[in-house]
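Structure record follows, encoded as structure tokens.
The values are calculated or read from the model by the stated rules, or taken from the named source; none is laboratory data. For clarity, every value in this text was computed on a predicted model and none was experimentally measured. Using ideal geometry, Cβ is built from the backbone for each residue, glycine included, and neighbour counts are taken over all protein chains shown.
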Amino acid sequence: MTSFQILYQPRAVIRLLTVCLLLETAYGEDNWINNLLSIDINVSPIDEANKLEVQLTVQNNVKKCMVVEVSIEDNPNITFLSAHATYTACICSLNNYFWDIQISANTVLIGKAEVVTTEDICPDDEDIFPVTSYTTTVSHEILVTT
Ligand SMILES: *[C@@H]1O[C@H](CO)[C@@H](O)[C@H](O)[C@H]1NC(C)=O
């Protein structure tokens, strides 16, 4: 029984390690491409009913800068009190973006961060992350108050 274990355990251990390594590699690559950016939305009321300040927080999860377009999707129930701006910025760590809106009916806000290849946004010497298309969104339901 003892010799049986000595003979077969190392092979089992190696097989287990191989499986772990493969899983880790597969998960790691998937993770890498799915989490370039994190986006978060925060909605806070401004004095009057149904007027809100929307904050999108975009975080760069890799150690290289990216040019990112940050926007809020338009929809008929939202009126932009501030300009309905789409921001284009070089995001190297974490940036915040703000819009003032008013809603006329219950709706779902959708915030979007898209990596773009616009030149002359990031400083020349910044190390730019090589990606051609990547978009992440966040949604937030808002109910009208009467
Ligand atoms: C806008 O409000 C109307 C009326 O409540 C609703 O039916 C519709 O789904 C809303 N649209 C969006 C995009 O939220």
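Filtering the range 91-136 to residues that are under 23 Å from Glu53 (Cα atoms) and in a loop (DSSP other than H, G, I, E, B) leaves Ser93, Ser104, Ala105, Asn106.
In the range 102-118, what residues are hydroxyl-bearing (Ser, Thr, Tyr) and within 16 Å of the ligand (Cβ to nearest atom)? Within the range 102-118, Ser104, Thr107 meet the criteria. Among the residues of the range 92-101, none qualifies, meaning not one is under 14 Å from Leu36 (Cβ atoms), more than 15 Å from the chain's Cα centre (by Cα), more than 16 Å from the ligand (Cβ to nearest atom) and surrounded by fewer than 18 Cβ atoms within 10 Å (Cβ to Cβ). Scanning the range 52-74 for residues that are at pLDDT below 95 and within 16 Å of the ligand (Cβ to nearest atom) yields a single hit, Asp74.
A residue that is within 16 Å of the ligand (Cβ to nearest atom), in contact (Cβ under 8 Å) with a residue 12 or more places away in the chain and surrounded by fewer than 17 Cβ atoms within 10 Å (Cβ to Cβ) cannot be found anywhere in the range 119-136.
When the range 88-146 is examined, which residues are found to be among the hydrophobic types (A, V, I, L, M, F, W, C) and touching a Cys at 6+ places or on another chain (Cβ under 6 Å)? Spell out how you get there, then give the answer.
The first filter runs over the range 88-146 and keeps only residues among the hydrophobic types (A, V, I, L, M, F, W, C), leaving 89-92, 94, 98-99, 101, 103, 105, 108-110, 113, 115-116, 121-122, 128-129, 131, 138, 142-144.
Hits for the range 88-146 are Cys90, Cys92, Ile121, Cys122, Ile128.
Based on what the data block shows, is Thr88 within 16 Å of the ligand (Cβ to nearest atom), assigned to a strand (DSSP E or B) and under 20 Å from Asp40 (Cβ atoms)? Judged against the criteria, Thr88 is not a match. Within the range 49-78, residues that are in contact (Cβ under 8 Å) with a residue 24 or more places away in the chain and at positive phi reach partners that are within 16 Å of the ligand (Cβ to nearest atom) and not acidic (Asp, Glu) with beta carbons closer than 8 Å, at six or more positions or on different chains, in the pairs Asn50/Gln102; Asn50/Ile103; Asn50/Ser104; Asn50/Val144; Asn50/Thr145. Just one residue in the set Thr107, Thr145 is under 25 Å from Asp47 (Cβ atoms), exposed (fewer than 13 other Cβ atoms within 10 Å of the Cβ) and hydroxyl-bearing (Ser, Thr, Tyr); that residue is Thr145. Thr79 meets all of the listed conditions (1) part of a strand (DSSP E or B); (2) more than 14 Å from the ligand (Cβ to nearest atom); (3) closer than 20 Å to Ile46 by Cβ but one, namely (2).
Going by the conditions given, is Ile39 in contact with a Ser or Thr (Cβ under 8 Å, 6 or more places away or on another chain), within 15 Å of the ligand (Cβ to nearest atom) and assigned to a strand (DSSP E or B)? Give the derivation first.
Working: in contact with a Ser or Thr (Cβ under 8 Å, 6 or more places away or on another chain): yes; within 15 Å of the ligand (Cβ to nearest atom): no; assigned to a strand (DSSP E or B): yes.
The answer is no for Ile39.
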